[in-house]
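Novice: I'd like to ask some things about the structure below.
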Amino acid sequence: MATKQPPPLMKKHSQTDLVSRLKTRKILGVGGEDDDGEVHRSKISQVLGNEIKFAVREPLGLRVWQFVSAIIFSGVAIMALTFPDQLYDAVFEEESVNSKTPIRLYGGALLSLSLIMWNALYTSEKVIIRWTLLTEACYFGVQFLVTTITLVESGRISTGAMLLLTSRILFTLITVYYYYQLGRRPKKV
């Protein structure tokens with residue numbers, strides 16, 4: 001039984017045939033714009049993505065704010081752990097503290113948050129930075145509410161407490177600003 005020979009392959013000169021090359025690129029789905037307006041030169045770059053797309057455009061001063069926040073959190077935490085009486089007296093201007101344990105626990109919690117702040121300073125991932133900023137904003141908001149309620153209940157308004165409340169409002173506004181700036185989509189050129 002004789003086997004049938006396949007027909008000879010016709011060699012196409014696709015390098016010189018522009019129409020054939022454009023048809024091939026259209027079938028592969030490269031060369032045109034995708035949903036983000038990017039033009040991919042090859043299927044590999046289309047599948048893997050463009051590394052420029054993943055670069056985080058940070059708002060001006062974000063890293064400085066993260067550094068300042070980490071220092072503030074660390075400083076207050078160390079002060080609460082080592083000198084709880086002085087920290088309480090600076091805010092509420094009362095000399096007697098029934099127990100140092102709650103203030104030291106507060107210092108331990110702040111120290112834990114400060115470690116998160118220090119680690120977020122060294123990351124370039126947008127999601128981690130945003131979560132850190134959100135955590136910081138929530139902390140400042142809760143501290144503002146708790147301090148305000150305590151001052152209203154006690155009926156005493158001290159200079160230290162007013163300074164603390166004012167700084168918490170300012171810190172919350174700055175943190176929320178950076179949170180929203182980091183979450184914005186970059187403008188298309």
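The values are calculated or read from the model by the stated rules, or taken from the named source; none is laboratory data. This is a predicted model, so every value here is computed, not measured. No Cβ is skipped: glycine too gets one built from the backbone with ideal geometry, and neighbour counts run over all protein chains shown. Surface areas here come from the heavy atoms of the whole protein model, side chains and all, with no ligands, DNA or RNA. Shrake-Rupley method; radii C 1.70, N 1.55, O 1.52, S 1.80 Å.
Novice: Search the range 79-91 for residues that are of a type in the set (S, T, Y) and pair each with any residue that is not in a helix (DSSP H, G or I) when their beta-carbon atoms are under 6 Å apart and the residues are at least 6 apart or on different chains.
Specialist: Close Cβ pairs satisfying both conditions: Y88/V97.
Novice: Tell me which of these D85 doesn't satisfy, since it passes every other one: (1) in contact with a helix residue (DSSP H, G or I) (Cβ under 7 Å, 6 or more places away or on another chain); (2) closer than 30 Å to I157 by Cβ; (3) of a type in the set (D, E, K, R).
Specialist: The failed condition is (1).
Novice: Looking at E136, E153, which one is of a type in the set (D, E, K, R), at pLDDT 90 or above and over 18 Å from L87 (Cβ atoms)? Give the derivation first.
Specialist: Working: E153 fails: at pLDDT 90 or above.
The match here is E136.
Novice: Also: Take the conditions part of a loop (DSSP other than H, G, I, E, B), open to solvent by 30 Å² or more (accessible area, probe 1.4 Å), more than 18 Å from W65 (Cα to Cα) and of a type in the set (V, I, T) and apply them to I78. Does it pass? Explain how you work it out, then say what you get.
Specialist: On the way: part of a loop (DSSP other than H, G, I, E, B): no; open to solvent by 30 Å² or more (accessible area, probe 1.4 Å): yes; more than 18 Å from W65 (Cα to Cα): yes; of a type in the set (V, I, T): yes.
So I78 fails the test.
Novice: Would you check if there is a residue in the range 102-111 being β-branched (V, I, T) and within 21 Å of T172 (Cβ to Cβ)? Steps first, answer last, please.
Specialist: Here is the first cut: in the range 102-111, the residues β-branched (V, I, T) are 103.
Restricting the remaining residues to those that are within 21 Å of T172 (Cβ to Cβ) gives none.
No - not one qualifying residue is present in the range 102-111.
Novice: Quick check, is L110 without any contact (Cβ under 8 Å) to a residue 60 or more places away in the chain, open to solvent by 30 Å² or more (accessible area, probe 1.4 Å) and out of contact with any Gly (no Cβ under 9 Å at 6 or more places or on another chain)?
Specialist: Working: without any contact (Cβ under 8 Å) to a residue 60 or more places away in the chain: yes; open to solvent by 30 Å² or more (accessible area, probe 1.4 Å): no; out of contact with any Gly (no Cβ under 9 Å at 6 or more places or on another chain): yes.
Here the answer is no, as L110 does not meet what is asked.
Novice: What tally of residues in the range 147-173 results from selecting those that are under 26 Å from the mean Cα position of the chain (by Cα) and open to solvent by 50 Å² or more (accessible area, probe 1.4 Å)?
Specialist: From the range 147-173, those under 26 Å from the mean Cα position of the chain (by Cα) are 164-173; that's our starting set.
Narrowing further to those that are open to solvent by 50 Å² or more (accessible area, probe 1.4 Å): 166, 169-170, 173.
Looking only at that region, the number is 4.
Novice: Does at least one position in the range 131-142 carry a residue that is open to solvent by 90 Å² or more (accessible area, probe 1.4 Å) and touching a Leu at 6+ places or on another chain (Cβ under 6 Å)? Quick ask: steps written out before the conclusion?
Specialist: So in the range 131-142, the residues open to solvent by 90 Å² or more (accessible area, probe 1.4 Å) come out as 131.
Subsequent filtering for residues that are touching a Leu at 6+ places or on another chain (Cβ under 6 Å) retains none.
No - not one qualifying residue is present in the range 131-142.
Novice: Right, L182: surrounded by 14 or more Cβ atoms within 10 Å (Cβ to Cβ) and under 19 Å from the mean Cα position of the chain (by Cα) or not? Working first, answer last.
Specialist: Details: surrounded by 14 or more Cβ atoms within 10 Å (Cβ to Cβ): yes; under 19 Å from the mean Cα position of the chain (by Cα): yes.
The answer is yes for L182.
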